[in-house]
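*Asks:* Before anything else, here's the structure in question.
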Amino acid sequence: MEKLKKQRRNDRILFACILAAALFSYVFLGSNRTFFGANVVVKSEGKTVYTLPLKEDTSITVKNSHEEENTVVIKNGVVKVQNSTCKNHDCEKITLKKGSGNVIVCLPNKLIVEIVNDENDLDGVM
Amino acid sequence: MRENSLASFGVLSALAMIFSYVEFLLLPSFFVPGVKLGIANLVILVVLYVLGEREALFINITRIILSSLLFATTNALLYSLPAGILSLAMMIFAKKSSHFTPVGVSIMGAVCHIIVQFFVASFIVGTMSVLRLLPLAVVVSATMGMVLGLIACSVLNSVGKKLKKRG
């Protein structure tokens, strides 16, 4: 039973290591945090199709080469995807805000929406 | 393949497929986009311990191909086949090292599975920004892997010996 104890300890170490690695990558690598002068970038099938200022309230419809549509809505600094033609509607569950370092993905329609720093806005450089 | 194990193969493949189907019914994913329960892996994990590596690989591939053809969307195979094979390879490696209980093996498999799927997804969508959702997904899937590993442990303790005798 000595071996089982050791194995159990290894299990816990493994789990802790994975959590630590995830936390590390979330804090230091994953999140592209933006605070000033942010732009909303809409990518469809790997290409950037729109770059919109986060400040202005807009609503655009993105159509890909398979005629699949998503509507990207920017309102009061919050970005959302609506009216997706995909099946799961996972993309409609996430909202983006400044500094959240998140990304909206609609995998079936190959759509990505993310917030990035506006490189032309010098105030935004930190 | 021994003839009496053929029946076990069929039954266990069917069981794995039923679990895939249950998962598909629960699909609109629960915490994080892209993360599923992974309950089908429970069968694979038990098979890995009771029957062996080759059997687990065979049942896993059968399950993935059949369940994505039957239940899922068109390119589900693209995500689940590489992820399924690589995560099983990881689980076999973890089991052979004999440093882990089934719980640790299951965690390894779950995490490997989600990482491969995210890389496939970022390749399909064509940008790496998908990977930004990965840390949270890894945490959730590691937790799910742990829960399933604990279930697998109790399954192995109660019916493992019986299955082995028959298989």
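None of the figures in this text is laboratory data; all of them are computed from the coordinates on show. Quick caveat: nothing in here was measured; it's all calculated off a predicted structure. Heads up, the Cβs are rebuilt from the backbone with ideal geometry, glycines too, and the neighbour counts pull from every protein chain shown.
*Asks:* Please give, to one decimal in nm, the separation of the simple spin-label points placed at A:T95 and B:Y21, each 7 Å out from Cα toward the Cβ.
*Replies:* 3.9
*Asks:* A follow-up question, please. Students often get this wrong, so check it: of A:K3/B:K162; A:K6/B:K162; A:K43/A:K110, which have C-alpha atoms separated by over 20 Å?
*Replies:* A:K3/B:K162; A:K6/B:K162
*Asks:* Starting from 0.36 nm per residue, how many nanometres of slack lie between A:K5 and A:A21 once their C-alpha separation is accounted for?
*Replies:* Net length gain for the segment: 3.3 nm.
*Asks:* Please rank A:L96, B:L26, fewest neighbouring Cβ atoms within 10 Å first, as an exposure proxy. Walk me through the numbers on the way to the answer.
*Replies:* Values: A:L96 23, B:L26 12.
Taking fewest neighbouring Cβ atoms as first place, the list is B:L26, A:L96.
*Asks:* Could you compute Rg(Cα) / (2.2 N^0.38 Å) for the stretch A:42-93, with N its residue count? Walk me through the intermediate numbers first.
*Replies:* On the way: Rg = 11.1 Å, N = 52, 2.2 N^0.38 = 9.9 Å.
That ratio works out to 1.12.
*Asks:* May I ask you to compute the full-extension gain from A:T51 to A:E69, defined as 0.36 nm times their residue separation minus their alpha-carbon distance, rounded to one decimal in nm?
*Replies:* Result for the pair: 4.7 nm of gain on full extension.
*Asks:* Okay, moving on. Kindly flag which residue pairs out of A:K55/A:K87; A:K63/A:K93; A:K93/B:K95 have an alpha-carbon separation exceeding 26 Å in this structure.
*Replies:* Exceeds cut-off: A:K55/A:K87; A:K93/B:K95.
*Asks:* Neighbouring Cβ atoms within 10 Å as the yardstick, rank A:R8, B:R132 fewest first.
*Replies:* A:R8, B:R132
*Asks:* Please compute the volume of the convex hull spanned by the alpha-carbon atoms of the stretch A:75-116 and report it per residue in Å³.
*Replies:* Value for the stretch A:75-116: 63 Å³ per residue.
*Asks:* Same structure, new question: From the helices alone, meaning DSSP H stretches of at least four residues, give me the mean residue ellipticity at 222 nm for chain B, per-run term -39500 (n - 2.57), in deg cm²/dmol to the nearest 500. Display every interim value, and only then the final one.
*Replies:* Details: 6 runs with 131 residues, N = 167.
It lands at -27500 deg cm²/dmol.
*Asks:* Could you tell me the calculated FRET efficiency between B:N157 and B:F123, based on Cβ-Cβ distance and R0 = 45 angstrom, to the nearest 0.05?
*Replies:* It comes out at approximately 0.65.
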